[in-house]
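K.L.:
Next up is a structure, given as structure tokens.
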There are 2 protein chains.
Amino acid sequence: MTARSSSESAREIPEATVARLPVYLRALTTLADDGTRTCSSEELALAAGVNSAKLRKDLSYLGSYGTRGVGYDVDYLRYQIAREIGVTQDWPVVIVGIGNLGHALANYSGFRSRGFRVVALLDADDTRHGEVVAGVDVRPFGDLEEIVATHGVAIGVIATPAHAAQDVADRMVGCGITSILNFAPGVLAVPEGVDVRKVDLSIELQILAYHQQRKAAL
Amino acid sequence: MTARSSSESAREIPEATVARLPVYLRALTTLADDGTRTCSSEELALAAGVNSAKLRKDLSYLGSYGTRGVGYDVDYLRYQIAREIGVTQDWPVVIVGIGNLGHALANYSGFRSRGFRVVALLDADDTRHGEVVAGVDVRPFGDLEEIVATHGVAIGVIATPAHAAQDVADRMVGCGITSILNFAPGVLAVPEGVDVRKVDLSIELQILAYHQQRKAAL
DNA sequence: CGGATTTTGTTCCCCCGTTCACAAAGTCCT
DNA sequence: AGGACTTTGTGAACGGGGGAACAAAATCCG
């Protein structure tokens, strides 16, 4: 962890809280769509699937946005959380690897609605270039540098086979990307200052299998 | 958490450890493929991307499978972990929702190689029925009960749009599925005893965006 | 055979996160 | 206006997990 500027706001939001903020954001959106103007921590906690005390403590890291005796204004709180996470701004994203998973990601509507804009789909396979997926051109992997520079991309998504992932990550880091979402199995080595989040589908199933096995053993 | 039979083995593996066992398993497989017969906790920890002390503590929950002064036998340890997780047995799995993501999941090779066998792809869309994806028939959602009963399915995967997820989960629980991997956004309500793991692609990106925003603010 | 060396298994301590419980602060009703 | 009531924000206790450090156990070498 790097030193923090002391003149900045003293907020130091715990990682566990950061991971839940998007959940609250989604719950608030659902409430707003249902026409709810105001909600208590109890209601919101129910919608988000968490304990109400935890919710209140999480929100307290952002500031005092509620009103005692009343609750939270849905729209106001939603905006505050969105701003805190950063989804009020536009995030250009590149996706590398246009297999089944890359396809699914490119088409996923949940990205665009939260400020993430897929600016390019890259693939090493020449035969795919020129194809259009979800309204975005499939381009050669070699175009990475140009695309990142042009659009100011800071976030990259790796959806390649495992053997290609480290090379892709290296190239991404090399051209200035500092946040990577990795769907390829295996460990990525990246320099200090680059954030990597890993999503491993088979690991999730294996965790379920472990618990299932325990349940079956009774 | 339900009461545990006291006559059973006293092992109570922490959740954090369970989540890392599949990572160790994959690292061991990589080492084995490279021809490594034996490895120290330091080497394995490096391959798995964790601290060696943490690795040793994790492994100690399974038993004493190492040899002091030598290290771990790669194949032996791999088998022990696989057995502990339960991936030495066959796990029939149903996937509901055959959109882009369902497609990607059905084709994902990482499932089959770890004992997970997709026995059916279900979708509410009539026009898809009869189609074959990744060698598996796409069938009506109404066939769920029959398929689960026939194959002894305990694990279900939800890859539907958000609005359908709760209904699908209810039906799954109703026919005896007790482990669910959910890719649909939103909170699932399930009875006690049913495990749900959630994978939310947009949440991962939002977490990255938060940190990216902090980095950019310097 | 015994000491030096290597590496595991475990103990101890600290920190982060969760939860309880309550004071503070607002609203509502009479 | 004032008291009852509701709900937030937070202080404090508690539990789990991470990491350093060390004792125990095995090999190797003279």
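K.L.:
Can you tell me which residues in the stretch A:76-124 are at pLDDT below 95 and charged (D, E, K, R)?
P.N.:
A:Arg112, A:Arg114, listed by residue number.
K.L.:
Same structure again: From the residues in the stretch B:20-40 that are surrounded by fewer than 21 Cβ atoms within 10 Å (Cβ to Cβ) and within 12 Å of DNA strand C (Cβ to nearest atom), which one is nearest to the other protein chains (Cβ to nearest Cβ)?
P.N.:
Checked the stretch B:20-40; the qualifying residue nearest to the other protein chains (Cβ to nearest Cβ) is B:Ser40.
K.L.:
Among residues belonging to the stretch B:31-71 that are assigned to a loop (DSSP other than H, G, I, E, B) and under 22 Å from the mean Cα position of the chain (by Cα), point out the one that is nearest to A:Arg197 (Cα to Cα). Steps first, answer last, please.
P.N.:
Taking the stretch B:31-71 as the starting set, the residues that turn out to be assigned to a loop (DSSP other than H, G, I, E, B) are B:34-37, B:40, B:49-51, B:61-65, B:68-70.
If we keep only those that are under 22 Å from the mean Cα position of the chain (by Cα) too, we end up with B:49-50, B:61-62.
On the way: B:Gly49: 13, B:Val50: 15, B:Tyr61: 27, B:Leu62: 27 Å.
So, considering only residues that are assigned to a loop (DSSP other than H, G, I, E, B) and under 22 Å from the mean Cα position of the chain (by Cα), the one nearest to A:Arg197 (Cα to Cα) is B:Gly49.
K.L.:
Can you confirm whether B:Asp58 is acidic (Asp, Glu), over 19 Å from B:Thr17 (Cβ atoms) and within 16 Å of DNA strand D (Cβ to nearest atom)?
P.N.:
Details: acidic (Asp, Glu): yes; over 19 Å from B:Thr17 (Cβ atoms): no; within 16 Å of DNA strand D (Cβ to nearest atom): yes.
When the stated conditions are applied, B:Asp58 does not pass them.
K.L.:
Show me the strands (runs of 3 or more DSSP E) entirely contained within the stretch A:106-218 in which 2 or more residues are surrounded by fewer than 20 Cβ atoms within 10 Å (Cβ to Cβ) and within 13 Å of another protein chain (Cβ to nearest Cβ).
P.N.:
A:195-198
K.L.:
Would you please list the contacts, defined by Cβ atoms under 6 Å and residues six or more apart or on different chains, that run from a residue in the stretch A:121-147 that is in the same structural domain as A:Leu105 (by TED's automatic domain parsing) to a residue that is at pLDDT below 95 and among the basic types (Lys, Arg)?
P.N.:
A:Val138/A:Arg128
K.L.:
Follow-up. Restricting to the stretch B:42-79, count the residues that are crowded, with 16+ Cβ neighbours inside 10 Å and closer than 24 Å to A:Lys215 by Cβ.
P.N.:
Counting residues in the stretch B:42-79 that are crowded, with 16+ Cβ neighbours inside 10 Å and closer than 24 Å to A:Lys215 by Cβ gives 3.
K.L.:
Next question. Take A:Pro14 and tell me if it is farther than 30 Å from A:Asp143 by Cα and surrounded by fewer than 20 Cβ atoms within 10 Å (Cβ to Cβ). It would help to see each step written out before you state the result.
P.N.:
Details: farther than 30 Å from A:Asp143 by Cα: yes; surrounded by fewer than 20 Cβ atoms within 10 Å (Cβ to Cβ): yes.
It is true that A:Pro14 is farther than 30 Å from A:Asp143 by Cα and surrounded by fewer than 20 Cβ atoms within 10 Å (Cβ to Cβ).
K.L.:
Step by step: first the residues of the stretch A:49-101, then only those that are of a type in the set (Phe, Trp, Tyr) and within 16 Å of DNA strand C (Cβ to nearest atom), then the one that is nearest to the other protein chains (Cβ to nearest Cβ). Which residue is that?
P.N.:
So the first thing to find is which residues in the stretch A:49-101 are of a type in the set (Phe, Trp, Tyr), and the list is A:61, A:65, A:72, A:76, A:79, A:91.
Remaining after also requiring within 16 Å of DNA strand C (Cβ to nearest atom): A:61, A:65, A:72, A:76.
On the way: A:Tyr61: 12, A:Tyr65: 17, A:Tyr72: 18, A:Tyr76: 19 Å.
Among residues in the stretch A:49-101 that are of a type in the set (Phe, Trp, Tyr) and within 16 Å of DNA strand C (Cβ to nearest atom), the one nearest to the other protein chains (Cβ to nearest Cβ) is A:Tyr61.
The values are calculated or read from the model by the stated rules, or taken from the named source; none is laboratory data. The shown structure was predicted, so the numbers you read here are calculated from the model rather than taken from an experiment. Quick reminder, even Gly has a Cβ in these numbers, built from the backbone with ideal geometry, and neighbours come from all protein chains shown.
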